[in-house]
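Notes follow once the structure below has been shown.
The values are calculated or read from the model by the stated rules, or taken from the named source; none is laboratory data. Everything numeric in this text was worked out from a predicted model, so none of it was measured. So basically every Cβ, Gly included, is an ideal-geometry build from the backbone, and we count neighbours across all protein chains shown.
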Amino acid sequence: MQLDLLLWLIPVPPVAAFFIIWLFTNRSRGLSHAVAIVSILISWALSLIVFFNVIGLKDFGKTVIGSSVPWLPTGESVFRMGVLADPLTAVMLFFVPLCCTMIFVYSVGYQNYGKPRDPHDKVGEPPHNGVEPMYSRFFAFLSLFAFGMLTLVVADNLLLMFVGWEIMGLCSYLLIGFWYARNYDDPKKITPRGAAVKAFITTRVGDVVMLLGIAYLYFMTTTEEARHILGKAAGTLSFRDILYNAKFLEYLAEQPSVIVGLSVAALIGIFLFIGTVGKSAQFPLHVWLPDAMEGPTPVSAMIHAAAMVSAGVYAVIRMYPLMSAGWHEGGPLTPPMLAMGAIGAFTALFASTIAVTQRDVKKVLAYSTISQLGFMVAALGIGAYVAAAFHLMTHAFFKALLFLGSGSVIHGVEHGAHHSNEHLDPQDMFNMGGLRKKMPITFWTFLIGGFALAGFPFITAGFWSKDEILADAFANNQIVFYVLVISATLTAFYTMRQIALTFFGEPRTHSAEHASENVWTMTYPLIFLAIFALFSGFVGVPKELAELGFNNFGKFVSATLVEKLNTPEFTIVPMIFSIVAALGGLTLGWLVYGMKPLKAGQKDPLTVLGPIYTLLENKYYFDELYEFIFGRPARWIASVLVYQIMDRTIIDGALTLIARFAYFVGHVFKVTEKYTINDPPDWGLAAPIQWMGRTFRVIQTGRVQNYLLVAMLVVLAFGGVYYLRFIGLLR
Amino acid sequence: MIPLSWYLTLAAALFCIGLYGVLARRNAVAILMGVELMLNAVIINLVAFWRYNQPTVIGGQVFAIIVFAVAAAEAAVGLALIISIYRRRSSVVAEDMNLMKW
């Protein structure tokens, strides 16, 4: 079986599932989820076949698997579309379908399959205890989402990648706003509809700039010199042709762009990076991600762990040769790398400070995702290509695990709320507590995931990947290193806070008391992911500690690049820092929250920070800032400038003016006619004419003989005149 | 030979009598008879002019015959019209046909 054919087939089952569910199996819940799960399992199987075949290949990286078809003839060149499998793709193919499958299976339990439909549940609102009314729709959208991600992963050119990107943008809108009819009493709380629009529009801002970059890159492949360099590949956007051609990259790095001081490669790199800033929720376009928690938890897992945000980082990793064009190890960073380093490091710190104060279990994870993506982007910014890819993979595992675990917790608390008839926010951690005993599987898997996130030394995957990033940062850029270390400490702290508040101590509410473990469709994916959260790190152990693991990952992935990057020399210093950060943060969190677990009604101990706490809890007021800078002016433009001023006053006013003028002219005519022609019977124009008519109509008797008589008289008169003239009596 | 002017005077006299009949009779059929008389006067005029000016050209006689034929045809049409009017209004008095009056 040819591998490239398999590559073409990988994205197909989910989209087929989407159509089948939408068109045919909509009414049957069991059939819909079966179609969806079978389809993602097929994709997973195909991906694994490809993966296990390529990791054995020699020189994989220089040689790749792929095929393409000519898609759009454009003058001299032909734009080709196709699929590609290089080492980076193989890594993505390993974890993306795996996480997606787990999420699909989990959704079966999460949406309460098996329970009867509760008549109190309204369509469009989250179900309380019955099965989700829009069950099939959920699986259809999830399948479409998986299709978008898989397309992005196997794409061999930038345009097809962007297509997958946009499909995921659409699905994020559909899925975040899944419970479209949900409304909150508190006007400050964003509804799912609002969150969906916010997500779509914020990522749109990034996407527009990214499209600009793509167009600019395409344009640059069609210039004279580019045609000379690229030959047949001019006018395409295939990764292999464009990014692996060192001469072309040099050409781009030397051409000055429209912005002074930036080369074309730098400008395009920055534009493409801005797309990632939107999609991977980096500062300043991070605002959509926490509000995207309004979607069902499997959606959050999918978007924020497995798929969408990973797509952003994947795009940068994929375009890395372009962004680092002109960079040599140890040399000055190119502008895109500077941007990535700065924004990534800042975001990592910024988001982790906010996560420390959040009450909602999913919001902590949301900010944690933003922070971890900041880690990855910062790693790319300083040239740690392999480390970023490694962290992407491990992050997908443990973050998906954490999200699904939080969903399991929420579900458990909701069960408890149903049993004890309490009305509370099931997502608020301060309503939980003591779930360790009630939900053991969830507890242990969540603990594993949390420790992986915090970077618990040696046994968790997160440790190895985070350590590699820190090692690279230590070797290359000390500022980024210290920012990331602080951020890692905070990560460990808020992770422990989350675990302690949720699981330790005594239940703080009746709902938490009556919480119970969930069905196997929800717990087995957790266990499966936990295995990977523990063991997937061992493929990336540094060479010097070879007793503990393997170093295949680094060698495998770095073959993706033309210029092999050197892994920094191993020093013990960054490892010590990362161990201290992780353990220190965890301990601190335990001291504050775990030693004496909070009782019901007790306030968060961190509130002693006072105004700082409020600032962090309100997310540095960024939402309010954006509302002020963008939201209000936009609304003002729409309702005042365009509607009232332009439309009603100017355009309608002009039309009314013309109408009034026409009316005025008509009135002038009317008055003129009245006074000259029509009205007064004695001296108007009409009256004499009427008189003349009345007077002279008597000659119309209707009798032929009268007419003939008159005719004869006239003939006589004329004849007489002529006769007299003829005989000379009249001249 | 009798002078031409006597024939022309005869034709003129007949024409005027016919004209008087057309203008002054009440009955529509009588008006038609007046029209016939006018036509006949015209024919006498024609024949007189033919005989006295160009007797060898046969065209004059032909012209007179044509006029006769036209007169006959026109009389037929006129009578048909009168019959039609009579069927509608049961009267042939010309004065009463005044639908075109103001």
**OP:** Would you tally the residues in the stretch A:588-606 being part of a helix (DSSP H, G or I) and in contact (Cβ under 8 Å) with a residue 40 or more places away in the chain?
**Re:** 7
**OP:** Report, by residue number, each residue of the stretch B:1-41 that is assigned to a helix (DSSP H, G or I), within 19 Å of residue B:52 (Cβ to Cβ) and over 9 Å from the mean Cα position of the chain (by Cα).
**Re:** B:4, B:5, B:6, B:7, B:8, B:9, B:10, B:11, B:12, B:13, B:14
Subject >> Which numbered condition residue A:701 fails, given (1) part of a helix (DSSP H, G or I); (2) within 14 Å of chain B (Cβ to nearest Cβ) >> reply: (1)
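Does residue A:306 satisfy the condition of being touching a Ser or Thr at 6+ places or on another chain (Cβ under 6 Å) and farther than 28 Å from residue A:618 by Cβ? It would help to see each step written out before you state the result.
On the way: touching a Ser or Thr at 6+ places or on another chain (Cβ under 6 Å): no; farther than 28 Å from residue A:618 by Cβ: yes.
No.
Residues in the stretch B:4-11: is at least one hydrophobic (A, V, I, L, M, F, W, C) and either touching a residue at least 40 places away in the same chain (Cβ under 8 Å) or within 14 Å of chain A (Cβ to nearest Cβ) (or both)? Please lay out each step first, then the result.
First pass over the stretch B:4-11, keeping only residues hydrophobic (A, V, I, L, M, F, W, C): B:4, B:6, B:8, B:10-11.
Filter once more, keeping what is either touching a residue at least 40 places away in the same chain (Cβ under 8 Å) or within 14 Å of chain A (Cβ to nearest Cβ) (or both): B:4, B:8.
Yes, that holds for at least one residue.
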**OP:** Exactly one condition in (1) touching a residue at least 60 places away in the same chain (Cβ under 8 Å); (2) within 23 Å of residue A:6 (Cβ to Cβ) is not met by residue A:190; state its number.
**Re:** (2)
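Between A:553, A:538, A:577, which is at pLDDT 80 or above and closer than 24 Å to residue A:400 by Cα? Break it down stepwise before answering.
On the way: A:553 fails: at pLDDT 80 or above; A:577 fails: closer than 24 Å to residue A:400 by Cα.
Going through A:553, A:538, A:577 in turn, just one is at pLDDT 80 or above and closer than 24 Å to residue A:400 by Cα: A:538.
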**OP:** Please indicate, with yes or no, whether at least one residue in the stretch A:607-618 is out of contact with any Phe, Trp or Tyr (no Cβ under 6 Å at 6 or more places or on another chain), surrounded by 13 or more Cβ atoms within 10 Å (Cβ to Cβ) and more than 30 Å from residue A:432 (Cα to Cα).
**Re:** no
**OP:** Considering only the stretch A:148-206, state which residues are aromatic (Phe, Trp, Tyr) and out of contact with any helix residue (DSSP H, G or I) (no Cβ under 8 Å at 6 or more places or on another chain).
**Re:** A:184
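Looking at the stretch B:19-55, which of its residues are aromatic (Phe, Trp, Tyr) and in contact (Cβ under 8 Å) with a residue 40 or more places away in the chain? Spell out the reasoning first.
First, the residues of the stretch B:19-55 that are aromatic (Phe, Trp, Tyr): B:20, B:49-50, B:52.
Hits for the stretch B:19-55 are B:49, B:52.
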Subject >> Condition broken by residue A:261, with the remaining ones in (1) part of a loop (DSSP other than H, G, I, E, B); (2) surrounded by fewer than 22 Cβ atoms within 10 Å (Cβ to Cβ); (3) at pLDDT 85 or above satisfied >> reply: (3)
Original post:
Going through the stretch B:56-96 one residue at a time, which ones are without any contact (Cβ under 8 Å) to a residue 24 or more places away in the chain and either basic (Lys, Arg) or within 14 Å of chain A (Cβ to nearest Cβ) (or both)?
Top reply: B:81, B:87, B:88, B:89, B:91, B:96
**OP:** For residue A:25, work out the one condition from (1) β-branched (Val, Ile, Thr); (2) more than 26 Å from residue A:392 (Cβ to Cβ); (3) part of a helix (DSSP H, G or I) it doesn't fulfil.
**Re:** (3)
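Scanning for something surrounded by fewer than 19 Cβ atoms within 10 Å (Cβ to Cβ), of a type in the set (Phe, Trp, Tyr) and part of a helix (DSSP H, G or I), does the stretch A:174-182 turn up at least one residue? Spell out the reasoning first.
Going residue by residue through the stretch A:174-182, those that are surrounded by fewer than 19 Cβ atoms within 10 Å (Cβ to Cβ) are A:180-182.
Keeping just the survivors that are of a type in the set (Phe, Trp, Tyr) gives A:180.
Right, trim to part of a helix (DSSP H, G or I) and you get none.
Scanning the stretch A:174-182 turns up no residue that is surrounded by fewer than 19 Cβ atoms within 10 Å (Cβ to Cβ), of a type in the set (Phe, Trp, Tyr) and part of a helix (DSSP H, G or I).
Does residue A:3 satisfy the condition of being closer than 30 Å to residue A:218 by Cα, in contact with a helix residue (DSSP H, G or I) (Cβ under 7 Å, 6 or more places away or on another chain), surrounded by fewer than 19 Cβ atoms within 10 Å (Cβ to Cβ) and touching a residue at least 12 places away in the same chain (Cβ under 8 Å)? Steps first, please.
Details: closer than 30 Å to residue A:218 by Cα: yes; in contact with a helix residue (DSSP H, G or I) (Cβ under 7 Å, 6 or more places away or on another chain): yes; surrounded by fewer than 19 Cβ atoms within 10 Å (Cβ to Cβ): yes; touching a residue at least 12 places away in the same chain (Cβ under 8 Å): yes.
Answer is yes for this residue.
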Subject >> Candidates A:333, A:373, A:349, filtered to the one that is in contact with a Phe, Trp or Tyr (Cβ under 9 Å, 6 or more places away or on another chain) and either of a type in the set (A, V, I, L, M, F, W, C) or free of Cβ contacts under 8 Å to residues at least 24 places away in the same chain (or both) >> reply: A:333
Subject >> Among the candidates A:109, A:114, residue that is under 26 Å from residue A:528 (Cα atoms), outside any helix (DSSP H, G or I) and more than 23 Å from the chain's Cα centre (by Cα) >> reply: A:114
Original post:
Can you name every residue in the stretch B:33-88 that is surrounded by fewer than 13 Cβ atoms within 10 Å (Cβ to Cβ) and among the polar types (S, T, N, Q)?
Top reply: B:53, B:54, B:56, B:84
Original post:
Out of all the residues in the stretch A:272-316, which are under 18 Å from residue A:387 (Cα atoms) and surrounded by fewer than 24 Cβ atoms within 10 Å (Cβ to Cβ)?
Top reply: A:315
**OP:** Filter the stretch A:363-378 for residues that are more than 16 Å from residue A:492 (Cβ to Cβ) and crowded, with 24+ Cβ neighbours inside 10 Å and give the result.
**Re:** A:366, A:370, A:373, A:376, A:377, A:378
